[in-house]
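Let me begin by presenting the structure, written as structure tokens, before commenting on it.
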Amino acid sequence: MPKKTSKNKNASRLGHDPLDDLNIDDDENLSTEKQKPSQNEHIPMKESAPKTETISLPSRFSIAEVDEIYTQMSSLLAQDTIDIELDGGNVESVDTSALQLLYAFNEKAAMSGKTIHWKSTSEKILESSRLLNINLSANSE
């Protein structure tokens with residue numbers, strides 16, 4: 001004979017209810033009237049066009065500037081509703097640490113569902129990434 005388990009609001013296989021902070025009542029306590037919005041109730045719409053943030057790369061993009069650019073990139077990746085644009089049109093020199101940062105940023109953005117758009121790229125970025133066989137998706141728009 002199978003054991004009957006008591007329904008505990010805060011118990012789950014995880015040992016806690018991960019959705020408890022949402023203050024959602026159990027299904028059995030909800031009426032169908034509460035589930036349906038009234039005709040006069042305003043339902044907020046999600047913003048359709050995400051905000052675009054641009055990171056301008058320095059003309060001498062070397063290990064000395066990587067920390068500052070990394071901080072900007074990390075901040076933008078943490079935000080949900082933005083498009084990320086890189087402006088590398090003024091880059092006159094770029095070292096391998098800067099290219100590694102750009103590559104890692106591109107990969108991390110792809111894993112988090114974001115797309116990096118290039119406002120402009122310098123010939124130096126394109127040449128250096130080709131030389132190292134790194135795809136930065138550096139297609140100017």
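Could you tell me how many cubic angstrom of Cα convex hull volume region 51-131 has per residue? Mind showing how you got there, number by number?
Numbers: hull volume 6.2 nm³, N = 81.
Dividing the Cα hull volume of region 51-131 by its residues yields 76 Å³.
Neighbour counts of other Cβ atoms within 10 Å put LYS51, LYS119, LYS114 in the fewest-to-most order LYS51, LYS119, LYS114.
Each reported figure results from applying straightforward, stated rules to the coordinates on display, with no laboratory input. Since this is a predicted model, take the numbers as computed values, not measurements. Glycine also receives a Cβ, built like all others from the backbone with ideal geometry; neighbour counts cover every protein chain displayed.
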